[in-house]
Amino acid sequence: MMRALDAVDHLLLGVPDLDAGIAWVEECTGVRAAIGGSHPGRRTRNALLALTNRQYLEIIAPDPAQQPQVRSGLADLDSPMLVKWAAVTADIAGVADRARVAGMETSAPRSGARHRPDGVRLEWTTLELPSTFAKGEIDPLPFFIQWSPATTHPSLDSPRGCELLALEFEHTDAESLRQAFSRIGIDATVRDAERVRLVATLKTPSGIVTL
């Protein structure tokens, strides 16, 4: 069993506007995220800042350069909030097998890629879990990511200065969510609450920050 904190590859902070999100994070943390690039076909773009231990924060927003077929839920967020997180793996096929044995119907692993502004291509494979516990844009269960060996992990060349100290969860059905985490090998702190939240505690140049 791995602690949620140790399982993190990256956290996704949803914002309705990327430039405003970058400014908000800089005001909170004292670190200005760097533009990462667009996700072709996903209608989103991002900016990144590094966390220690090969982890990072992804600020993700609608990409106005991609014509949406439907309105992105990110555009409707009232304020920046953690909406998702990625758990790291070096064996995504094995994760898929274990999830199915645990009774979770997963999609097939999916290849993805994007180009940074400097033209460097990043490649990865992801595995989505059922969104049983999601509420709107917020989904406490992670998706799994395996980076291509040829790709430089974003934490290695994004702006530095922040450290992830804790990742915890709040949910209206805390016990069921806790059991779901256990089935995928993650030991997570889950509290009963009236709404669904991902709660990350960061050590930053501006002090301790809770997202």
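A compact table of results
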{"quantity": "Residue list for segment 1-60, filter: free of Cβ contacts under 8 Å to residues at least 60 places away in the same chain and among the basic types (Lys, Arg)", "calculated": "Arg42, Arg43, Arg45"}
{"quantity": "Top-ranked residue of segment 87-108 - restricted to ones that are modelled with pLDDT of 90 or more, crowded, with 16+ Cβ neighbours inside 10 Å and out of contact with any helix residue (DSSP H, G or I) (no Cβ under 6 Å at 6 or more places or on another chain), ranked as nearest to Ser158 (Cα to Cα)", "calculated": "Val88"}
{"quantity": "Number of the exception - Asp63 against (1) closer than 18 Å to Ser158 by Cβ; (2) surrounded by 15 or more Cβ atoms within 10 Å (Cβ to Cβ); (3) charged (D, E, K, R)", "calculated": "(1)"}
{"quantity": "Cross-chain or 6+ apart pairs with Cβ under 9 Å, segment 151-164 first and of a type in the set (Lys, Arg), then surrounded by fewer than 17 Cβ atoms within 10 Å (Cβ to Cβ)", "calculated": "Arg160/Thr52"}
{"quantity": "Verdict on Asp78 being exposed (fewer than 15 other Cβ atoms within 10 Å of the Cβ), among the acidic types (Asp, Glu) and farther than 22 Å from Val31 by Cβ", "calculated": "yes"}
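The values are calculated or read from the model by the stated rules, or taken from the named source; none is laboratory data. Just so it is clear, the structure is predicted and the values come from calculations on it, not from any experiment. With ideal geometry, Cβ positions are generated from the backbone for all residues, glycine too; neighbour counts draw on all protein chains shown.
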